[in-house]
Amino acid sequence: MKTVFKLGTGFLLAFMLLLSLSVPAFAAETDLTATVHGSAKYMLNTVREPQVGSVGGEWAVIGLARSGYDVPQKYWDDYYATVEDYVEEHKGNLHDKKYTEYSRLIVALTAIGADPSDVAGYNLLTPLGDFDKTIWQGINGPIWALIALDAGNYDMPRNQNAKTQATRQMYVDEILARQLNDGGWNLTDKGGAGQSDPDITGMALQALAGYQSQPEVKATIDRALDYLSTTQESNGGYASHNTSSSESVVQVIVGLCALGIDLNDARFVKNGHTLLENLLSYRQDNGSFLHTSAGNGDSQMASEQGLYGLVAAERAAAGKSALYHMDDVTIHVTGVTVETIGLPGKHADVKPVPVSGSVSFADVAGHANQKAIEALASRGIINGKGDNRFDPNATMTRAEFAAIVVRALGMTPKATDAFTDVSSDAWYAGYVGTAYSYGIITGAGNGRFNPDGTITRQEAAVMVARAAKLCGMDTQLENYEILNVLAQFTDYVTIAQWAQEGVAFCYGEDILNQSDLNVEPARAILRCEIAEMLYRMLGSAKLL
């Protein structure tokens, strides 16, 4: 494929880029895609047999896999076979102290659609459950542990040999605690007056991007952005250890794209020079990248980082998911079967909700529904009642239920005027509006929703069944199927006719517990029961 930016001099390149960037929303998006593919072609021709390693290995694979470039099937198969051989040779122990070895490989395997929990019989996720060993090498450990775990939305692995079992929140807190006074981070210092490094700061932002909903994380990110804006050079780039390099600007680009910040944001344009323009000034005619403008340093490492930096920028410009947000991954490896996110018939607007932090409540310890409650709370789907309480046996209003269903489906709240008793300024207006728009709720009659009314078990079952249909589940049942499911319960005749199919579906899919003796359709459903229903539904829909 022809590369648009094949120019002979740095001056002409900068001039052409300034012209294109002066057009709103980067008019040359297709040009950027062509540029990405030009660098991907270079990478494919240069790293013909990727190995397990930081150069000529995972970063090249990640860049190619996320670039959209047409890579031969044999390339992915050969790489995966190499990884299997390597892991088997090392008996699953990639390194005694550098746990970023596991994280890097996890990200690469996720990028090609392979399962890092079973590589030659070894679970590469397990070491990241050891907090002390993961943070041993400094801030790189928690940064890349979070990036790796969040890349595939993996559950935090249990590590039976760990002195301290890790949680995502522990890694988040470790990164926050290491922020320096100037707002950035470096590799070794933990707080205080050390000199920050733009490379490490960009990586820290990549790791924290998924946790912006936490106020302390948001404040930390804002201080880091101020640092990066202040220290950006007049040519739009960055210097690390007094040397301006392509790698430094790459990490900042990937960080900003992960945060959803436009690369043309005024805070990151200096003297008219942008981050992308600076990165492209290091790019050579053959698609490779220089380490420094003078050509010093390891150009292969720079080329691998340059490629995935361009990929991050192109994905952001095209409205695609971030570089390390891999819920859109296609399985590249022949013969490898992994669990994909979501069912084939899923509505396009239904999205998995990532874990945003570890959450627990004092009053659910040992509770039958503890796992479900904590899984939903860690994703911000359901909230506690304050004072470290969840109040599992409390009931829930119809408005509260609409809110958690919309959150569970990863949908954006948007108010409507469908109901006369739902004020546009009510906290739940957006949730009720969205739930109504997608057919999850239909109202209580006469144009009313009855937001403060208590929701019953049969109402909850019907709404969950409608949500399940949006997730791609087959919710339609024949009359005989409905009867076969419901007849096992002594009170099935008390179920309202309009609710029978939804209740039968929930029992048939084990969303409701089939060991129940009675349905109790008109009883107010409890918060713990709702959490369990949604947890099971999301699990069946492959959205957890």
Residue list for region 457-487, restricted to those being hydrophobic (A, V, I, L, M, F, W, C), buried (at least 19 other Cβ atoms within 10 Å of the Cβ) and assigned to a helix (DSSP H, G or I): A460, A461, V462, M463, V464, A465, A467, A468, L470, I482, V485, L486
Candidates L538, L544, L534, filtered to the one that is in a loop (DSSP other than H, G, I, E, B), touching a helix residue (DSSP H, G or I) at 6+ places or on another chain (Cβ under 8 Å) and either touching a residue at least 24 places away in the same chain (Cβ under 8 Å) or surrounded by fewer than 20 Cβ atoms within 10 Å (Cβ to Cβ) (or both): L544
Residue among P157, P142 that is assigned to a loop (DSSP other than H, G, I, E, B) and in contact with a Ser or Thr (Cβ under 7 Å, 6 or more places away or on another chain): P157
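Restricting attention to region 392-410, which residues are outside any helix (DSSP H, G or I) and under 17 Å from S378 (Cα atoms)? If you could, list the steps in order and put the result at the bottom.
To start, the set of residues in region 392-410 that are outside any helix (DSSP H, G or I) comprises 392-397, 409-410.
Listed by number, the residues that qualify are P392, L409, G410.
With the requirement that a residue be of a type in the set (A, V, I, L, M, F, W, C), in a loop (DSSP other than H, G, I, E, B) and either touching a Ser or Thr at 6+ places or on another chain (Cβ under 7 Å) or closer than 22 Å to H291 by Cβ (or both), what does region 251-271 give you? I'd like the intermediate steps shown before the answer.
At the first step, the residues of region 251-271 found to be of a type in the set (A, V, I, L, M, F, W, C) are 252-254, 256-259, 261, 263, 266, 268-269.
If we keep only those that are in a loop (DSSP other than H, G, I, E, B) too, we end up with 261, 263, 269.
Result: L263, single match.
Give region 177-217 a look and list any residue that's of a type in the set (K, R) and modelled with pLDDT of 95 or more, or say none.
Looking only at region 177-217, we keep the residues that are of a type in the set (K, R), and these are 178, 190.
Across region 177-217, the qualifying residue is only R178.
With A372, A415 as the choices, which residue is in contact with an Asp or Glu (Cβ under 7 Å, 6 or more places away or on another chain), among the small types (G, A, S) and in contact (Cβ under 8 Å) with a residue 12 or more places away in the chain? Walk me through how you get there before you give the answer.
Details: A415 fails: in contact with an Asp or Glu (Cβ under 7 Å, 6 or more places away or on another chain).
Answer to the check: A372.
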Neighbours by Cβ (under 6 Å, 6+ apart or cross-chain): first from region 466-483, hydrophobic (A, V, I, L, M, F, W, C); second crowded, with 19+ Cβ neighbours inside 10 Å and in a helix (DSSP H, G or I): A467/V405; A468/M537; L477/E501; L477/A504; I482/Q500; I482/E501; I482/A504
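Starting from residues that are of a type in the set (G, A, S) and touching a residue at least 12 places away in the same chain (Cβ under 8 Å), keep the ones in region 41-73 and report whichever is surrounded by the fewest Cβ atoms within 10 Å (Cβ to Cβ). Spell out how you get there, then give the answer.
First pass over region 41-73, keeping only residues of a type in the set (G, A, S): 53-54, 56-57, 60, 63, 65, 67-68.
After this cut, where a residue has to be touching a residue at least 12 places away in the same chain (Cβ under 8 Å) as well, the list is 54, 56-57, 60, 63, 65, 67-68.
Details: S54: 12, G56: 18, G57: 21, A60: 25, G63: 28, A65: 27, S67: 23, G68: 16.
Step by step, filter region 41-73, then rank; the result is S54.
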Filtered residue count, region 135-161, keeping only those that are more than 13 Å from L125 (Cβ to Cβ) and without any contact (Cβ under 8 Å) to a residue 40 or more places away in the chain: 4
Lone unmet requirement of (1) in a loop (DSSP other than H, G, I, E, B); (2) in contact (Cβ under 8 Å) with a residue 40 or more places away in the chain; (3) within 23 Å of the chain's Cα centre (by Cα) for T188: (3)
Number of positions in region 215-241 that are crowded, with 18+ Cβ neighbours inside 10 Å, under 20 Å from the mean Cα position of the chain (by Cα) and not aliphatic (A, V, I, L, M): 1
Residue within region 436-456 that is hydrophobic (A, V, I, L, M, F, W, C), assigned to a helix (DSSP H, G or I) and over 25 Å from the mean Cα position of the chain (by Cα) present: no
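So is A120 surrounded by fewer than 18 Cβ atoms within 10 Å (Cβ to Cβ) and either in the same structural domain as S303 (by TED's automatic domain parsing) or of a type in the set (D, E, K, R) (or both) or not? Break it down into steps so the answer makes sense when it comes.
Details: surrounded by fewer than 18 Cβ atoms within 10 Å (Cβ to Cβ): yes; either in the same structural domain as S303 (by TED's automatic domain parsing) or of a type in the set (D, E, K, R) (or both): yes.
For A120, the condition - surrounded by fewer than 18 Cβ atoms within 10 Å (Cβ to Cβ) and either in the same structural domain as S303 (by TED's automatic domain parsing) or of a type in the set (D, E, K, R) (or both) - is met.
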Helices (runs of 4 or more DSSP H) fully within region 27-127 counting 1 or more residues that are in contact with a Pro (Cβ under 8 Å, 6 or more places away or on another chain) and of a type in the set (F, W, Y): 73-89, 100-111
Single condition A219 does not satisfy, out of (1) farther than 25 Å from G138 by Cβ; (2) without any contact (Cβ under 8 Å) to a residue 12 or more places away in the chain: (1)
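Return yes when W185 is more than 26 Å from Q51 (Cα to Cα) and surrounded by 24 or more Cβ atoms within 10 Å (Cβ to Cβ) and no when it is not. Even if it seems obvious, please write down each step before you answer.
Numbers: more than 26 Å from Q51 (Cα to Cα): yes; surrounded by 24 or more Cβ atoms within 10 Å (Cβ to Cβ): yes.
Yes: the conditions hold for W185.
The values are calculated or read from the model by the stated rules, or taken from the named source; none is laboratory data. Predicted model only: the values in this text are computed from it and were never measured. Quick reminder, even Gly has a Cβ in these numbers, built from the backbone with ideal geometry, and neighbours come from all protein chains shown.
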